[in-house]
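K.L.:
I have a structure I would like to understand better, so I am pasting it below and will then ask my questions one at a time.
The values are calculated or read from the model by the stated rules, or taken from the named source; none is laboratory data. These numbers come from a predicted model, not from an experiment. All Cβ positions, glycine included, derive from the backbone under ideal geometry; neighbour counts span all protein chains shown.
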Amino acid sequence: MNRIFSKMMVLNLAIVLFTALALSLLLSFLFTRYFYREYGRNLEEALQEATVLAAKHFAGRTSRSGFERGLKLIDRLEGVHFWLLDPQGRLLFTTAPDLEIFPKPGFADQVIACLRQGRMYARVLTDPKDPSLDLMVAATSLPEGALVGFFPVADVKEPLKESIGLVWLAAVGAFALGAVPTYFVARHFSYPLVLLSRVARRMGQGDFGARVELKRRDEIGDLAAAFNAMAQQLESLDKERQAFLANVSHELRTPLTSIRGFIQGILDGTIAPPDQPAYLARVFGEVGRLSGIVDELLTLARLRGGRLRFHWERLNPTAVLDAVVEMLTPLAAEKKVKIDFAAVGDQRELWADRGRLAQIFTNILDNAVKFSPEGGKVEVNACWDAQGWRVTIGDEGPGIPPGDIPYIFDRFYTGSLSARESPGTGLGLAISKLLVEEHGGTISVRNRPRGGCEFTVFLPAAFEPSCPASRGKGEIGGEGK
Ligand SMILES: Nc1ncnc2c1ncn2[C@@H]1O[C@H](COP(=O)(O)OP(=O)(O)O)[C@@H](O)[C@H]1O
Ligand SMILES: [Mg+2]
C-alpha cells in the first residue's frame, strides 16, 4: 500500500478537522455571547423606558391605567414583561399574568433587598428542570417599590441555535473541501518517493538502465536528479565491469588456445619431433606472456582497490631511470633502435618505490622501442626544476592517432597499431598512470611535430607518502602478498 500517502492524508485531514472544530467552538461561543449581550441591552432599554413611564406616573402626571397601558405596550413591542412591586415586595401589577417564574420563594424580597443596597439587579435565572424557561431579569427601584423586567431567553434560543447550526455546517463543508487539496498535496509528496523506491528496486535486481522520470525544481527534483546521476554511474561501472571481464577472458584465451594447439600437435604427432623444441619454445613464450598478464591484472586490481603495498624510500630517481635504460638497451639494439639518455640538474632525492618507479619507465620505454621503426632513436631526458623531477621519453614511431589520446591510459586500450608488433594487453600504460599518481605525480602524452610521440612523467619533490612507515616492509619486484 501507498503508506506515506495514507499517513499524509490522515495527518492533513486531522489538521483540517482540528482547525474546523476549534473555529466552530470559538464562533459558537462568540455568537452566544453576542446574542445574550444584545438581548441584555434590549431588556435594559425596555426597562429604562418603563422607568420613565413610572417616574411620570409617580409624579402624578399620568393615571394608573395610562401607566399600565404604557407597560403593556412596551411588553408587546419589545417582548419584555414587567412586574411592579411595592416596597414590601408584593406584586402590584404585571403585564404577563400567566408568566411563571419557577417557584422561587423570596425572589421579590431579594430584588428589593438588592436595590435597597443601591446595587443593580441584572441576571439570568435558570430553571434546572426546564432550560426553556431561562429568564433574563433586570430591576430598577422606583420612588415606591420596584420595577422588574423579564426577558424569556427561550425566545432567543431558536435564532441562536440556527446560527450555531450554520457554523457547524460550514465546519463540515470546510472539512470536505479540505480533503480535496489534501489528496493532491499527499500525492504530490508521496508519488516521487514511490517512483524512487520502484526504480531502486529495479536497480537492485540488476536493471541499471532504470531512471526516475521526474522534473521538479525543488529538493525532491534534486533528489531525483542525484538518484539518476548515481544510476548513470552504476550503469557505466556495470558496463565497464562487463567489458573488463570480456577483455580479460579474451586476453587469457588467445595464449591458452595456442598453447593448447601446440601441445596437442606434439602429443598427436602432427608436429614432428625435430620441430618440437621450436614449438615448445613458443609455448614457453606464451606461458610467460600469460603470467605477465596475470601479474599485470593483479597489480591493477590491487592499485584500484588501494591494496598495493609500497616500499617507500628516499632515492635518486635519475639512477633508477638510468638502470631501466641500461636494461632495455640490448632489446633496443636488436631492433637497431638507439636510446639517447640525458639527465641534467642535480642529483636530488625524492620519496618513491624503487621497483614501481622502474616499472613505470619500463612500460613507457618498452612501448617507445616497440613502436620505433628500425634504426630509430628514442630520446630520454630527465631534469630537475623547483617543483620536481620531469622525464620525457620521445620516439620516432607512428605517434598516436589524436582521437585515441584520451583513451591511451585506459585499461585494455591497445589502439589500432599494436597488433602489428608483439601483441600487447593494453594494461601497461593504465598501470603506469596509477603508479605515477601514487607518487603524487602526473603522466601525459603528446604527438611531436616532427613525428612520433612523447610521454612526460612529472614527480613532485614535495610529495610525501601517506604512510612512509611502511618503508622497508613492502614488497620488492614481484606480486607476492
Ligand atoms: N610510443 C608509442 N607510440 C605509439 N603508440 C603507443 C606508444 N605507447 C603506447 N602506444 C599505444 O598505447 C597502447 C597502450 O599501451 P600499453 O598500455 O603499454 O599496452 P600494450 O603495450 O600492452 O599495447 C598501445 O597498444 C599503443 O596503441
Ligand atoms: Mg606496453
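K.L.:
Quick check on my filter: what residues within the range 355-396 are charged (D, E, K, R), near ligand 1 (Cβ under 9 Å from one of its atoms) and surrounded by 21 or more Cβ atoms within 10 Å (Cβ to Cβ)? Talk me through it step by step, then tell me what you get.
P.N.:
Initial filter on the range 355-396 (charged (D, E, K, R)): 356, 366, 370, 374, 377, 379, 385, 390, 395-396.
Checking which are near ligand 1 (Cβ under 9 Å from one of its atoms) leaves us with 366, 370, 395.
Selection gives 395 alone.
K.L.:
For residues that are buried (at least 19 other Cβ atoms within 10 Å of the Cβ) and among the small types (Gly, Ala, Ser), scanning just the range 429-448, find the one that is nearest to residue 357 (Cα to Cα).
P.N.:
Looking at the filtered set, the residue picked out is 432.
K.L.:
Related question: Answer yes if at least one residue in the range 156-164 is at pLDDT 85 or above, of a type in the set (S, T, N, Q) and part of a helix (DSSP H, G or I), and no otherwise.
P.N.:
Checking the range 156-164: not a single residue is at pLDDT 85 or above, of a type in the set (S, T, N, Q) and part of a helix (DSSP H, G or I).
K.L.:
Next question, about the same structure. Going through 225, 272, 200, 243 one at a time, which residue ends up being surrounded by fewer than 16 Cβ atoms within 10 Å (Cβ to Cβ), under 23 Å from residue 426 (Cβ atoms) and of a type outside the set (Val, Ile, Thr)? Working first, answer last.
P.N.:
Numbers: 225 fails: under 23 Å from residue 426 (Cβ atoms); 272 fails: under 23 Å from residue 426 (Cβ atoms); 200 fails: under 23 Å from residue 426 (Cβ atoms).
Being surrounded by fewer than 16 Cβ atoms within 10 Å (Cβ to Cβ), under 23 Å from residue 426 (Cβ atoms) and of a type outside the set (Val, Ile, Thr) holds for just one of 225, 272, 200, 243, which is 243.
K.L.:
Okay, moving on. How many residues are of a type in the set (A, V, I, L, M) and within 60 Å of the chain's Cα centre (by Cα) when one looks only at the range 264-288?
P.N.:
As a first pass, look at the range 264-288 and keep what is of a type in the set (A, V, I, L, M): 266-267, 271-272, 278, 280-281, 283, 287.
Filter again for within 60 Å of the chain's Cα centre (by Cα), leaving 283, 287.
Residues meeting the conditions: 2.
K.L.:
Would you tally the residues in the range 23-71 being in a helix (DSSP H, G or I), of a type outside the set (A, V, I, L, M, F, W, C) and under 19 Å from residue 141 (Cα atoms)?
P.N.:
Start the filter on the range 23-71 by keeping residues that are in a helix (DSSP H, G or I), which leaves 23-58, 64-71.
Right, trim to of a type outside the set (A, V, I, L, M, F, W, C) and you get 24, 28, 32-34, 36-42, 44-45, 48-49, 51, 56-57, 64-66, 68-70.
The next check asks that each one be under 19 Å from residue 141 (Cα atoms); those that pass are 40-42, 44-45, 48-49, 51, 56-57, 64, 68, 70.
The qualifying residues number 13.
K.L.:
Would you mention how many residues in the range 357-374 are among the charged types (D, E, K, R) and in contact with a Ser or Thr (Cβ under 9 Å, 6 or more places away or on another chain)? Spell out how you get there, then give the answer.
P.N.:
So the first thing to find is which residues in the range 357-374 are among the charged types (D, E, K, R), and the list is 366, 370, 374.
Going one step further and asking which of them are in contact with a Ser or Thr (Cβ under 9 Å, 6 or more places away or on another chain), we end up with 370.
Of the residues in that region, 1 qualify.
K.L.:
Now for a separate question. Does the range 449-470 hold any residues that are within 16 Å of ligand 1 (Cβ to nearest atom), surrounded by 14 or more Cβ atoms within 10 Å (Cβ to Cβ) and modelled with pLDDT under 95, and which are they? Full working, then the answer.
P.N.:
As a first pass, look at the range 449-470 and keep what is within 16 Å of ligand 1 (Cβ to nearest atom): 449-457.
So of that shortlist, the ones also surrounded by 14 or more Cβ atoms within 10 Å (Cβ to Cβ) come out as 451-457.
Within the range 449-470, 451, 452 meet the criteria.
K.L.:
Mind checking which residues of the range 150-189 are among the aromatic types (Phe, Trp, Tyr) and over 43 Å from the mean Cα position of the chain (by Cα)? So that I can check it myself, show each step before the final result.
P.N.:
Applying the first criterion (among the aromatic types (Phe, Trp, Tyr)) to the range 150-189 yields 150-151, 168, 175, 183-184, 189.
150, 151 - these are the residues of the range 150-189 that are among the aromatic types (Phe, Trp, Tyr) and over 43 Å from the mean Cα position of the chain (by Cα).
K.L.:
Take residue 405 and decide whether it is touching a residue at least 24 places away in the same chain (Cβ under 8 Å) and in contact with a Gly (Cβ under 9 Å, 6 or more places away or on another chain). Spell out how you get there, then give the answer.
P.N.:
On the way: touching a residue at least 24 places away in the same chain (Cβ under 8 Å): yes; in contact with a Gly (Cβ under 9 Å, 6 or more places away or on another chain): no.
Here the answer is no, as residue 405 does not meet what is asked.
K.L.:
Quick check, is residue 352 of a type in the set (Gly, Ala, Ser), more than 20 Å from residue 454 (Cβ to Cβ), more than 16 Å from ligand 2 (Cβ to nearest atom) and in contact with a strand residue (DSSP E or B) (Cβ under 7 Å, 6 or more places away or on another chain)? Walk me through how you get there before you give the answer.
P.N.:
Details: of a type in the set (Gly, Ala, Ser): yes; more than 20 Å from residue 454 (Cβ to Cβ): yes; more than 16 Å from ligand 2 (Cβ to nearest atom): yes; in contact with a strand residue (DSSP E or B) (Cβ under 7 Å, 6 or more places away or on another chain): yes.
Yes; evaluated as a whole, the condition is true for this residue.
K.L.:
Still on this structure: Picking from 378, 325, which residue would you name as being farther than 26 Å from residue 465 by Cβ and either more than 16 Å from ligand 2 (Cβ to nearest atom) or in contact with an Asp or Glu (Cβ under 9 Å, 6 or more places away or on another chain) (or both)? Can you show your working first?
P.N.:
On the way: 325 fails: farther than 26 Å from residue 465 by Cβ.
Answer to the selection: 378.
K.L.:
Go over the candidates 342, 323, 352 one by one and state the one that is assigned to a strand (DSSP E or B), in contact (Cβ under 8 Å) with a residue 12 or more places away in the chain, surrounded by fewer than 16 Cβ atoms within 10 Å (Cβ to Cβ) and in the same structural domain as residue 440 (by TED's automatic domain parsing).
P.N.:
Numbers: 323 fails: assigned to a strand (DSSP E or B); 352 fails: surrounded by fewer than 16 Cβ atoms within 10 Å (Cβ to Cβ).
It is 342.
K.L.:
Would you confirm, using the coordinates I've provided, whether residue 212 is in a helix (DSSP H, G or I), surrounded by 11 or more Cβ atoms within 10 Å (Cβ to Cβ) and β-branched (Val, Ile, Thr)?
P.N.:
Values: in a helix (DSSP H, G or I): no; surrounded by 11 or more Cβ atoms within 10 Å (Cβ to Cβ): yes; β-branched (Val, Ile, Thr): yes.
Here the answer is no, as residue 212 does not meet what is asked.
Residue by residue, here is whether (1) under 25 Å from residue 462 (Cα atoms); (2) among the charged types (D, E, K, R) holds:
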| residue | (1), (2) |
| --- | --- |
| 314 | yes, yes |
| 324 | yes, no |
| 348 | yes, yes |
| 355 | yes, no |
| 359 | yes, no |
| 390 | yes, yes |
| 398 | no, no |
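K.L.:
Same structure again: Considering each of 214, 193 in turn, give the residue that is within 19 Å of residue 8 (Cβ to Cβ) and either of a type in the set (Asp, Glu) or touching a Gly at 6+ places or on another chain (Cβ under 7 Å) (or both).
P.N.:
Working: 193 fails: either of a type in the set (Asp, Glu) or touching a Gly at 6+ places or on another chain (Cβ under 7 Å) (or both).
Every option except 214 fails the conditions.
K.L.:
Ok, one more. Among the candidates 329, 318, which residue alone is out of contact with any helix residue (DSSP H, G or I) (no Cβ under 9 Å at 6 or more places or on another chain), in contact (Cβ under 8 Å) with a residue 40 or more places away in the chain and assigned to a helix (DSSP H, G or I)? Even if it seems obvious, please write down each step before you answer.
P.N.:
On the way: 329 fails: in contact (Cβ under 8 Å) with a residue 40 or more places away in the chain.
That would be 318, the only listed residue that is out of contact with any helix residue (DSSP H, G or I) (no Cβ under 9 Å at 6 or more places or on another chain), in contact (Cβ under 8 Å) with a residue 40 or more places away in the chain and assigned to a helix (DSSP H, G or I).
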